[in-house]
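Peer 1: Have a look at this one.
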Amino acid sequence: MYSMLTPDSEKKTAKGVSKVVVQQKLKHSNYLQCLKENKSTKENMILIKSENHDIYTVRQNKTALSSFDDKRYILDDNIGTFAYGHYKINENPI
């Protein structure tokens, strides 16, 4: 997930979240709040699903933005990261 803000546009992505929610509800300030304050954001989505040729709608409450990352070691500034197993992790005090 990321958000880039330029003077004339805004580019946002969030994996597993519908495009409508990303475009209409998530703002750049939500991404900054998630990064700097470790606040998660939950959003409601309405999805169309099918099972055995039966079509139905589902209302789903998903975590849209989360600062949790189980693949990276997060440094003290909460922005810089290392991959787990990186040699510099032992040099930085925990």
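Peer 1: If I filter the stretch 14-28 for residues that are among the polar types (S, T, N, Q), under 19 Å from the mean Cα position of the chain (by Cα) and part of a helix (DSSP H, G or I), do I get at least one hit?
Peer 2: Kept after step one, since they are among the polar types (S, T, N, Q), are these residues of the stretch 14-28: 18, 23-24.
Right, trim to under 19 Å from the mean Cα position of the chain (by Cα) and you get 18, 23-24.
Retained after the next criterion (residues that are part of a helix (DSSP H, G or I)): 23-24.
Yes.
Peer 1: How many residues does the stretch 49-74 contain that are surrounded by 10 or more Cβ atoms within 10 Å (Cβ to Cβ) and over 30 Å from K25 (Cβ atoms)? Please lay out each step first, then the result.
Peer 2: Restricting attention to the stretch 49-74, the residues satisfying the condition of being surrounded by 10 or more Cβ atoms within 10 Å (Cβ to Cβ) are 49, 60, 62-67, 72-74.
Retained after the next criterion (residues that are over 30 Å from K25 (Cβ atoms)): 73.
Of the residues in the stretch 49-74, 1 are surrounded by 10 or more Cβ atoms within 10 Å (Cβ to Cβ) and over 30 Å from K25 (Cβ atoms).
Yes/no matrix, rows are residues, columns are (1) in contact with a Ser or Thr (Cβ under 6 Å, 6 or more places away or on another chain); (2) of a type in the set (A, V, I, L, M):
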site	(1), (2)
K11	no, no
K15	no, no
Q24	no, no
L47	no, yes
R72	yes, no
D76	no, no
G80	no, no
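Peer 1: Since T41 meets every condition but one in (1) on the phi < 0 side of the Ramachandran plot; (2) over 12 Å from the mean Cα position of the chain (by Cα), which condition does it not meet?
Peer 2: (2)
Peer 1: When you scan the stretch 59-78, do you find a residue that is more than 24 Å from the chain's Cα centre (by Cα) and either on the phi > 0 side of the Ramachandran plot or among the hydrophobic types (A, V, I, L, M, F, W, C) (or both), even just one? Outline the logic, then answer.
Peer 2: As a first pass, look at the stretch 59-78 and keep what is more than 24 Å from the chain's Cα centre (by Cα): none.
No, the stretch 59-78 contains no residue that is more than 24 Å from the chain's Cα centre (by Cα) and either on the phi > 0 side of the Ramachandran plot or among the hydrophobic types (A, V, I, L, M, F, W, C) (or both).
Peer 1: What pairs come up if the first residue lies in the stretch 19-44 and is among the basic types (K, R), the second is assigned to a helix (DSSP H, G or I) and modelled with pLDDT of 90 or more, and their beta carbons are under 7 Å apart, counting only those six or more places apart or on different chains?
Peer 2: K39/Q33
The values are calculated or read from the model by the stated rules, or taken from the named source; none is laboratory data. What you see is a predicted model; the values in this text were computed from it and never measured. Positions of Cβ are backbone-derived with ideal geometry, glycine not excepted, and every protein chain shown enters the neighbour counts.
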